[in-house]
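The values are calculated or read from the model by the stated rules, or taken from the named source; none is laboratory data. All of these numbers come straight from a predicted model, not from anything done at the bench. Keep in mind that these areas ignore ligands, DNA and RNA; they rest on the heavy atoms of the full protein, side chains included. Shrake-Rupley method; radii C 1.70, N 1.55, O 1.52, S 1.80 Å.
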Amino acid sequence: MDIKRVKDYIYWLYFQYLLITCSYVLEPWEQSMFHTIIVTVFAMVVYTAYVFVPIHVRLAFEFFSQIFGGQNESTV
């Protein structure tokens, strides 16, 4: 891909983000605070998903394997 097309596409995505969140009408300091809060919340969601989702998937797998007749770890 052409670098200019990638740059234009990223700019278009950023413009869509500004339109969807209506943050283009904010003052610069308000935009800065808004973007900081959005990035912080997104980072916390990603971290939480990274830490807790694998644990819950493993527990769900163990639960359903016991329900559907899987062998216990002590018998294996």
### Query
Among the residues of the range 15-36, which ones are open to solvent by 100 Å² or more (accessible area, probe 1.4 Å) and within 18 Å of the chain's Cα centre (by Cα)?
ILE20
### Query
Just one of the numbered conditions (1) modelled with pLDDT of 95 or more; (2) within 20 Å of the chain's Cα centre (by Cα); (3) open to solvent by 100 Å² or more (accessible area, probe 1.4 Å); (4) not polar (S, T, N, Q) is not true of ALA43; which one?
(3)
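Out of all the residues in the range 1-14, which are outside any helix (DSSP H, G or I) and open to solvent by less than 100 Å² (accessible area, probe 1.4 Å)? Talk me through it step by step, then tell me what you get.
Looking only at the range 1-14, we keep the residues that are outside any helix (DSSP H, G or I), and these are 1-2.
Selection gives ASP2 alone.
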### Query
Hey, among the residues in the range 46-76 that are part of a helix (DSSP H, G or I) and among the β-branched types (Val, Ile, Thr), which one's modelled with the highest pLDDT?
VAL46
